[in-house]
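One structure is given below, encoded as structure tokens.
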Ligand SMILES: Nc1ncnc2c1ncn2[C@@H]1O[C@H](COP(=O)(O)OP(=O)(O)OP(=O)(O)O)[C@@H](O)[C@H]1O
Ligand SMILES: [Mg+2]
């Protein structure tokens, strides 16, 4: 009985692992960094307890959203994707999309008379990660489609958005002021906001790289002169 128990447990474990790997492959994640990879000490403006709470996935059960705001390189995509990975691990259907690409997909579906199907597929995901809102401005058609997309999912399923514009600059993102207002109102109705205010991690890595390079050059120079 013990041997059989062990075999079944191993089989179930490997089945779960395969399902998770397939889910990740289909989800389109660019960054596969996890929450454990995130250095909270480097980004003190982020409250780890808030992220731990999100990692319980209660917000998914309640159809709530997450908005990750901040300047470039502070880990917005890292955190949103890492939460997506936790969701996938818990077997929630998860999908990562860059905002600009998502709008392009919606436009393509609209012109092919497939918009309702596309919206249905997208609204079936329990967790969506919409990355880089506001990096590129949306035209009026894009803003209309984005509004329909947000409305279809409102209070039913969750999304994690990342943006490097503050809420007060919403009009620079969406072409129409009224649409910008109603979209934001829906997104923020049930939402946790992660506000990163720190320094760019990319710059930190670059500075560290330059420091090591100077150290090596200095060592070589000293060895050469001896
Ligand atoms: N606190 C951190 N600990 C560990 N790695 C980090 C941290 N912050 C960022 N990184 C890493 O730095 C890189 C840039 O982070 P990320 O892409 O998440 O930034 P971003 O805020 O989304 O920037 P952008 O606005 O340019 O898209 C990634 O490789 C990410 O894993
Ligand atoms: Mg990003």
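The values are calculated or read from the model by the stated rules, or taken from the named source; none is laboratory data. On a predicted model such as this, the values are computed, not experimentally measured, just so you know. All Cβ positions, glycine included, derive from the backbone under ideal geometry; neighbour counts span all protein chains shown.
Which residue, of 170, 206, 202, is assigned to a helix (DSSP H, G or I), modelled with pLDDT under 75 and within 16 Å of ligand 1 (Cβ to nearest atom)?
From the options 170, 206, 202, the qualifying one is 206.
Test of understanding: among 30, 85, 102, 79, which residue is part of a loop (DSSP other than H, G, I, E, B) and either within 16 Å of ligand 2 (Cβ to nearest atom) or under 11 Å from the mean Cα position of the chain (by Cα) (or both)?
On the way: 85 fails: part of a loop (DSSP other than H, G, I, E, B); 102 fails: part of a loop (DSSP other than H, G, I, E, B); 79 fails: part of a loop (DSSP other than H, G, I, E, B).
On inspection, the qualifying residue turns out to be 30.
List the residue pairs whose Cβ atoms are under 9 Å apart, where the first residue sits in the stretch 198-226 and is closer than 30 Å to residue 47 by Cα, the second is in a helix (DSSP H, G or I), and the two are 6 or more positions apart or on different chains.
Within 9 Å, the pairs are 198/42; 199/42; 200/206; 201/42; 201/78; 204/42.
List the number of the failed condition for residue 64; all other conditions in (1) surrounded by 11 or more Cβ atoms within 10 Å (Cβ to Cβ); (2) within 12 Å of ligand 1 (Cβ to nearest atom); (3) modelled with pLDDT under 95; (4) within 16 Å of residue 194 (Cα to Cα) hold.
The failed condition is (2).
Filter the stretch 71-97 down to the residues that are more than 9 Å from ligand 1 (Cβ to nearest atom) and in contact (Cβ under 8 Å) with a residue 60 or more places away in the chain and list them by number.
83, 84, 85, 88, 89, 91, 93, 94, 95, 96, 97
Only one of 195, 226, 176, 164 is closer than 30 Å to residue 62 by Cα and modelled with pLDDT under 75; which?
Matching residue, one of 195, 226, 176, 164: 176.
Residues are listed down the side, and each one gets a yes or a no for (1) without any contact (Cβ under 8 Å) to a residue 12 or more places away in the chain; (2) assigned to a helix (DSSP H, G or I); (3) exposed (fewer than 15 other Cβ atoms within 10 Å of the Cβ):
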{"position": "3", "(1), (2), (3)": "yes, yes, yes"}
{"position": "7", "(1), (2), (3)": "yes, yes, yes"}
{"position": "14", "(1), (2), (3)": "yes, yes, yes"}
{"position": "17", "(1), (2), (3)": "yes, yes, yes"}
{"position": "46", "(1), (2), (3)": "no, no, no"}
{"position": "59", "(1), (2), (3)": "no, yes, no"}
{"position": "68", "(1), (2), (3)": "no, no, no"}
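Before we move on, is residue 149 in a helix (DSSP H, G or I), modelled with pLDDT of 85 or more and within 19 Å of residue 105 (Cα to Cα)?
Criteria met by residue 149.
Tell me which of these residue 91 doesn't satisfy, since it passes every other one: (1) at pLDDT 80 or above; (2) within 23 Å of residue 24 (Cβ to Cβ); (3) surrounded by 15 or more Cβ atoms within 10 Å (Cβ to Cβ).
Going through (1) at pLDDT 80 or above; (2) within 23 Å of residue 24 (Cβ to Cβ); (3) surrounded by 15 or more Cβ atoms within 10 Å (Cβ to Cβ) one by one, residue 91 breaks only (3).
Within the stretch 121-136, take every residue that is touching a strand residue (DSSP E or B) at 6+ places or on another chain (Cβ under 7 Å) and modelled with pLDDT under 90 and give me the one that is surrounded by the fewest Cβ atoms within 10 Å (Cβ to Cβ).
Filtering first and then ranking leaves 132.
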